[in-house]
Amino acid sequence: MKDADYMALAVSLAERGRGWTNPNPVVGAVLVKEGRVIGRGWHRRLGGLHAEREALKDCRESPEGAVLYVTLEPCCHHGRQPPCTSAILEAGIRRVVVGSPDPNPLAAGKGPDILRAHGVEVETGVLRAECDALNPAFFHYIRTGRPYVTMKYAMTLDGKIAARTGASQWITGEEARRRVHRDRHANAAILAGVGTVLADDPLLTCRMEGGRNPLRVVCDTRLQTPPGSRIVRTAGEVPTVLACGPLEPERAAPFEAAGCRVWSLPLRGGRVDLAALMDRLGAAEIDSVLLEGGGTLNWAMLEAGLVRRVQAYIAPKLFGGAAAKSPVGGPGVALPLQAAELGRITVSRIGADFLLEGEVETDVYGHC
């Protein structure tokens, strides 16, 4: 097997930590000695051992003289865990093969430098594209301090997210809906607008077997969420934030008594300042947000330049109706050249439906 083969194994191991490590990255590691895999590991949970130490713990024989394959460069600083460079040096590993560089300024190339200074051979950039693809949320969060926002919606082939009556269950099939629950598990938070709460009374939970519920965030400028809604009734079991404009403490009291956190945020244009909301979430170590809003919130997030990825589930159905809602509302752009542009597009078949995904490369109005 070649370096790329062992790194591919490390990539597959990293995925096992998806949803459990936020705001840390998912990382996989493989130890190889004389052509044999002697240890495998991945970062399992936030606060737990890093992938390198997990692989060392898994070793069935001495790792001295072995080669370590790791999807992200080893850390060299004390965080929730001690530095992995120390464990590598103590184990006598002779060569380290790295996939992605670490954008964290506490690391950022320092780990490989320390290893090289102690005589360890280090090679970087092996399967970098595949390793980078593991952690777009982590990279964005480290660079900006804000969560990586994925705008998700399901629509018909004629671009409708609901029939003219407002009915929307169900546009896509069971396979696509199962995939959505996987993504809820993978993201640290889910964001919806109060309009969605009033129209659908959703739970916004992860119903994947063995999954984790994200933080639920409702953008609700005037605190219109009904106290009897399922969101409020389950706030004692599932972490929930109501993001509101300035309001009197007594208005928030019954929601807080039910278990909700009520955040009073500044306004922009008469609505909650979404950039301020993202800053508040980032400060709370929320590295990723799945945006499941209606057209109004989707447009506002796009207009604010806060959406980094789009997931469009497309069902082979036609609803019609001039008044039937579309995924993105608001005033929209005036000219085609002002459109948000997506790159790195992928299209997947999921049951009878299709999932089109892409990274936002140019925000609306042509801002990069």
Could you please give the count of residues in region 26-57 that are in contact with a Ser or Thr (Cβ under 7 Å, 6 or more places away or on another chain), open to solvent by less than 20 Å² (accessible area, probe 1.4 Å) and in a loop (DSSP other than H, G, I, E, B)? 2
Only unsatisfied item for Asn135, checking (1) at pLDDT 95 or above; (2) touching a Gly at 6+ places or on another chain (Cβ under 8 Å); (3) closer than 30 Å to Leu281 by Cβ, is (2)
Within region 224-250, the residues that are over 28 Å from Glu303 (Cβ atoms) and open to solvent by 80 Å² or more (accessible area, probe 1.4 Å) are Pro227, Arg230, Arg233, Glu237, Glu248, Pro249, Glu250
Being aliphatic (A, V, I, L, M) and within 15 Å of the chain's Cα centre (by Cα) is the filter; apply it to region 7-66 and report the residue that is modelled with the lowest pLDDT. Leu46
In region 223-337, which strands (runs of 3 or more DSSP E) lie fully inside it and hold 2 or more residues that are under 30 Å from Leu356 (Cα atoms)? 240-244, 288-291, 309-315
Subset tally (residues that are charged (D, E, K, R) and in a loop (DSSP other than H, G, I, E, B)) for region 1-25: 2
Are there helices (runs of 4 or more DSSP H) fully within region 58-167 with at least 1 residues that are open to solvent by 20 Å² or more (accessible area, probe 1.4 Å) and basic (Lys, Arg)? List them. 110-117, 128-132, 136-144
Subset of region 174-202, residues farther than 26 Å from Arg146 by Cβ and either part of a loop (DSSP other than H, G, I, E, B) or within 14 Å of the chain's Cα centre (by Cα) (or both), comes to Asp201
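The values are calculated or read from the model by the stated rules, or taken from the named source; none is laboratory data. Keep in mind the model is a prediction, meaning the values are calculated, not measured. With ideal geometry, Cβ positions are generated from the backbone for all residues, glycine too; neighbour counts draw on all protein chains shown. Heads up: the accessible areas ignore ligands, DNA and RNA and are worked out on the full protein's heavy atoms, side chains in. Shrake-Rupley method; radii C 1.70, N 1.55, O 1.52, S 1.80 Å.
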